[in-house]
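The values are calculated or read from the model by the stated rules, or taken from the named source; none is laboratory data. Note that the coordinates shown come from a computational prediction; the quantities given were computed from them, not determined experimentally. Virtual Cβ from ideal backbone geometry, glycine too; neighbours counted across all protein chains shown.
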Amino acid sequence: MAIGFDPTSVVRAPRWRKIGTLRTGAGASALPFGWGPAIVLVLVAFVDRIEFSLVAAVLPQLQDEWGFGDAVAGSLPSASAVAAGVLAIPAAYLADRHDRGRIVTWVVVVWSLATLGSALAPTFVIFYLVRIALAAAEAVDNPASASLLADFYPPATRSTAFGWWRTSAYLGGAGIVLGGVLADWLGWRGAFMVMAIPGLVVAVLVSRLREPERGYADRLAAHGEITDLGDVPSGTLTSQLRRLAPIRTLWFTGAALTVMSLSIGGLTFWLPSLLQRRYGLSESAAATAGGGMTLLGIVVGTLVAAIATRRALIGTSLAQWRVMLGGSGILLGSVFISVALGMNSAAAFIVLLTVFAFFSAFALPTLTACVADVVPARDRGLGFGMLQVAATVGGAIGPLLVGAVSDITDSLTTGVVPLLPLLAVGGVLALLAYRSVEHESERVLIGARTQGE
C-alpha cells in the first residue's frame, strides 16, 4: 500500500557520498536533491564532449602527420559511434540493476586513461583503435547518467536538468576552441595530455554522488504518495523491451534525435576544416570562431527552451508544448544553416551558424525530458540505451557521409549539403510525437501513484 512521505527511506548511500542529499522545506518538491547532482553529471558529459571534439580541432595536424584523406578522417567518429552503439544495450542493462554512480565513476577514469593513450599513440592505427576503445567506454555512462537525472528531478524541473545534460553532449564547440588553442601551443599530443587531467577530477566528484531510489521523483510528482517497496525489479531484458515497444513517443523522439545527431555531428566534426578551406581562416581562428559561436548558440538556446517549458502553452499540456518547441526548433535551425552555406562572407556564415545552433538547441531540453517522462523508472536505463543506439547510428553516418561526398566532389561545402534535408526530417519526426506524449507521460505518473496498491 502507498504510505506517507518518508524522507529517511528514499536514499541509501555511504556517508562519504554526500552530493545529492535529500532536502526538506520550501522548494523541496521541485528540487528534492538540489542542483548538485545535475552539475556533476553535466560536468561528466561536458568533459566527455570536449575530449571527443579534440579530434576535430587537431584534425589538420593529424592529417599532416599521418597523411590520411577526408574519408578516413570521417570514418574515425563513425567507427567510434559504432563501438558505442554496440555497448549501449548492455550498458543500459547494468544501469537498471546496479549502482549507477559507481558505473559512471569508473567510466570517467577509463576515459582519462584512454585520452592519455591517444596522446602517446606511436602510429595512426594505434591512435584509431584507442579512440574506438574510448568511445566504447563512453557509451556505458549515458544510460546510467540519464536514469539518475530522472530520479533526482521530477517533471517540473526535469526539462532544465536534462537540457543542460544534453547540451553538454553537443558542446563540441568548447572542445574545438580549446583544442585549437592547445594544438597551436603544445601540438596535438600536448592537447590530449592536458585533457586527461579534468577527467580524473570529475571522477572524484562522481564518486561522491548518492544513489537515489528509482522512481522517487515520479512518485513525488504523483501527489507525494511514496511507497515503501524500494526499487521495483526490472525483470529480464526481454520483458523490458516488451514494455518499451508500445511507447510511441520514445520512437518518434528517438528518430528525431537520431537525425539531429547525424546532421549536427557531421557539421560539427568538419566545421573547423570548412572554415579553413572555404574562408581561409587559420587553425586557431577557425576553431575559436566556429566552435565558440556554436557553443554560444547552443547554451542560449537551451536556456531559452528550458525557461519556456516551465509552464505549458495555453491549450496544450506541458509534454505537448515540449514536443512542439523541440520539433519547431529543429525545423527553424535547418532553414538558417541552409542559408549560411550560401554565404560568401565568413562573418555572415558564423552569424547564421550561431542562429542555427540557437534554434536547434530547443530540442535538447524538450525531447530528452519527454523520453524520461514517458518511460517508467525501472526501464529508463534501457530506454535511454535504445535512444543512444539510435543517436550513435546518426553520429556514425554524419561525419563519414560528409567526408565521402567531399572526396567525390572535391568540395567540403558540397559534402555538408546532404545534411540539410535530414535536419528538416528530424523536426517533422519530433512533431509527430505530439499526439502520444500527453497520454504516455500521464500513464507513468499514474503507475507511480498506484505502485504497491
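Could you list, in sequence order, all residues of the range 295-334 that are more than 16 Å from Leu431 (Cβ to Cβ), small (Gly, Ala, Ser) and at pLDDT 85 or above?
Answer for the range 295-334, where residues must be more than 16 Å from Leu431 (Cβ to Cβ), small (Gly, Ala, Ser) and at pLDDT 85 or above: Gly297, Gly301, Ala308.
With Gly301, Gly266, Gly292 as the choices, which residue is touching a residue at least 24 places away in the same chain (Cβ under 8 Å) and surrounded by fewer than 19 Cβ atoms within 10 Å (Cβ to Cβ)?
None of the other options fit; the residue is Gly292.
State whether the residues of the range 245-262 include one that is part of a loop (DSSP other than H, G, I, E, B) and either surrounded by 18 or more Cβ atoms within 10 Å (Cβ to Cβ) or at pLDDT below 85 (or both).
Within the range 245-262, one or more residues are part of a loop (DSSP other than H, G, I, E, B) and either surrounded by 18 or more Cβ atoms within 10 Å (Cβ to Cβ) or at pLDDT below 85 (or both).
Among the residues of the range 335-363, how many are buried (at least 23 other Cβ atoms within 10 Å of the Cβ) and within 22 Å of Leu431 (Cβ to Cβ)?
Qualifying residue count, the range 335-363: 9.
Mind listing whichever residues of the range 318-350 are among the β-branched types (Val, Ile, Thr), more than 30 Å from Asp218 (Cβ to Cβ) and touching a residue at least 40 places away in the same chain (Cβ under 8 Å)?
Residues satisfying the conditions are Ile337, Ile350.
Working only within the range 443-453, note down all residues that are modelled with pLDDT under 85, surrounded by fewer than 22 Cβ atoms within 10 Å (Cβ to Cβ) and in a helix (DSSP H, G or I).
Selection gives Leu445, Ile446, Gly447, Arg449, Thr450.
Check off (1) crowded, with 17+ Cβ neighbours inside 10 Å; (2) over 21 Å from Phe356 (Cβ atoms); (3) among the charged types (D, E, K, R) for Arg322 and give me the number that stays unchecked.
(2)
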